[in-house]
1. Test of understanding: what is the full-extension gain from residue 285 to residue 272, defined as 0.36 nm times their sequence separation minus their Cα-Cα distance?
2. Taking K and R as +1 and D and E as -1, what net charge do the other residues with C-beta under 11 Å from the C-beta of residue 388 add up to?
3. Under 9 Å from the Cβ of residue 360, count the other residues' Cβ atoms, weight Lys and Arg +1, Asp and Glu -1, and hand me the total.
4. Quick check of the Kirkwood formula: for region 229-305, what is the inverse mean of 1/r over all pairs of different Cα atoms, in Å?
5. Check which residues have an amide H placed less than 5 Å from residue 254's amide H, if you skip close sequence neighbours.
6. Which FRET efficiency value, to the nearest 0.05, is calculated for residue 53 and residue 82 with the Förster distance at 22 angstrom and r the Cβ-Cβ distance?
7. Please list 3J(HN,Hα) in residue order for region 260-274, calculated via the Karplus relation 6.51 cos²θ - 1.76 cosθ + 1.60 where θ = phi - 60°; whole Hz, with x for glycine and proline.
8. Report the local net charge at residue 164: Lys and Arg +1, Asp and Glu -1, summed over other residues whose C-beta lies under 10 Å from its C-beta.
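Here, each number is a calculation from the coordinates, and none is a lab measurement. Computed from a prediction, not measured in an experiment: that's the story for all the values here. Don't worry about glycine lacking a Cβ; one is built from the backbone with ideal geometry, like all the others, and counts go over all protein chains shown.
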Amino acid sequence: MTHYESAIDELAERLQGADASLTTSISDILAAALQELIEAELTARIGAEPGERTPARTAQRNGRRPKLLSTPAGDVELGIPKLRQGSFFPELLEPRRRIDKALWAVIMRAYITGTSTRKVDDLVKALGCDTRISKSSVSRICKQIDDDVAVLRRRRLDHLPFVYVWLDATYVHVREHGQVVSKAVVIATGCRADGHREVLGVDVGDSENETFWTEFLRDLKDRGLSGVQLVISDCHAGLRAAIRRVLQGAAWQRCRVHAKRNLLAVARHQHRGMVSAAISTIFAENDADAARTQLRDVVDKLTATEPKVAARLEAMEDDLLAYATFPPVHWPKIWSNNPIERLNRELKRRTDVVQIFPDPESVIRLVGALLVEVNDELVAAPRRYMAEATLSPLIDQEDRLPSLPAAPRH
C-alpha cells in the first residue's frame, strides 16, 4: 500500500493534534483512519482527488455506498466510493464472501454447543469476535447462508441436458447423537450440452449406502436432470446399483486414478513401479479396440508375477474402458474424477479448520457456501470446458451408447 503511505502520515499528524481520549472513541478514530486510506487508494487508482480535474484521471466518483465493518474495536460505518464507470473495492478491506461467513458461523456454532477446541477458540478470537457470542447472532448469520445454499440445492436442472456427470465424496467428522462419526460429503458436477459445467448437488450421508445414493440421484432427476450418458466416479459400494436404478441408459466410468490406486494396493512393493507403468500404457492408446487389446495384454503379462492385480484388472475391464466409446477429444476429462479433485482439495482445506462439525446441517452450510461460489465461477467461465460442437453428436444420438441393465427392484 505504498501509493497511499503519505495519507497515513497525514492522518497520524491530525490525530496527534486532537485530544482523541476526550472527544473521539476508538471506533471513530478507526473509522476515520480507514476512510482516509480508502479515499487515498481511490485517488491513486483513478489519478484525481475529489473534484479535481486532471488529464490522467481515468474515472469519476459517483457517491458512496455504506458498509458496516465489524472490528475488535466495534462496528464502524464506512463509505465505499462508487464510480460512474467500473467498480472499486479497497484492497485493505477484503470482501466478506459467503464462504468466510459460513466458516465464521460454523465456528461460532461449535463454540456455543460446547464442541469447540482450543484451536477453534483461538480462531474465533483471531476473527475479531468476542467469545460471548449470542445464539441470536448465530441464527441470523446461518439463515442468510442457508437461504443461498438452498437456492443452489433446489434449483431446476432442466435448462439443458447434462451429457457427463462426475460424482465424488470426501469425508468429514460430525457430532451425531453424542458421538463423533465419519460422514461423506457427496458432490455432483455436470457438463452441459453447451460445454459449460455446473454444480448439480451436494448432500451428507453414508457413501457406502445404496439408499443414500439412490435418494441423492433421484433428487437430481426430480429437479430435471436429463441427457446423462456417462457417470464418472470411484467404485463406492451401492453407487453403481443406484446409477442403474435412477439413471437408466447411462454408462458408468470407474475413475482410472482411484482404480490404479486400488490395483497397486494389492501389488507387491517391488513390483509397483512396473505395474503402474503397465497400467498407464492402456490409456495411451488412441482408439477403443487398441485400448481393450492393450488391457488384455497387460493382464496376460501380470498373471505370472502379480496374479491378484491381473485378476482385478480383468474384472474391471468394461468399467475402466467405458470412456472409449465417447469422442477421443473428451477422454482426458472423462476417464477420471480429476475435474472434481481440485474442488475436493478446497473443501478439505475449509473443513479441516473446523475439525469436528457440530451437526450435519453445519456441514451443508459450509460446503454449500463454497459450492455457491464455485458454481458462479463455472457458469460464468469465459471458456467452455468442452467444445459444444463435440457434444452435439452425443445429444443427437443418445440411443447409440450401450446402457447398463436395470437393477431389479427389491
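1. Working: separation 13, 0.36 × 13 = 4.68 nm, distance 2.14 nm.
Extra length available between residue 285 and residue 272 comes to 2.5 nm.
2. Numbers: positive: 192, 384; negative: 194.
Net charge around residue 388: +1.
3. Values: positive: 183; negative: 176, 359, 361.
Residues close to residue 360 contribute a combined charge of -2.
4. Numbers: mean 1/r = 0.0709 Å⁻¹.
Hydrodynamic radius (Kirkwood, Cα only) of region 229-305 equals 14.1 Å.
5. Residues meeting the amide H criterion: 320, 322.
6. Values: r = 19 Å, r/R0 = 0.86.
Computed FRET efficiency for residue 53 and residue 82: 0.70.
7. For region 260-274, the Karplus-derived couplings read 5, 4, 5, 5, 5, 5, 9, 7, 5, 4, 6, 9, 5, x, 5 Hz, x marking Gly and Pro.
8. Numbers: positive: 192, 197, 333; negative: none.
That works out to +3.
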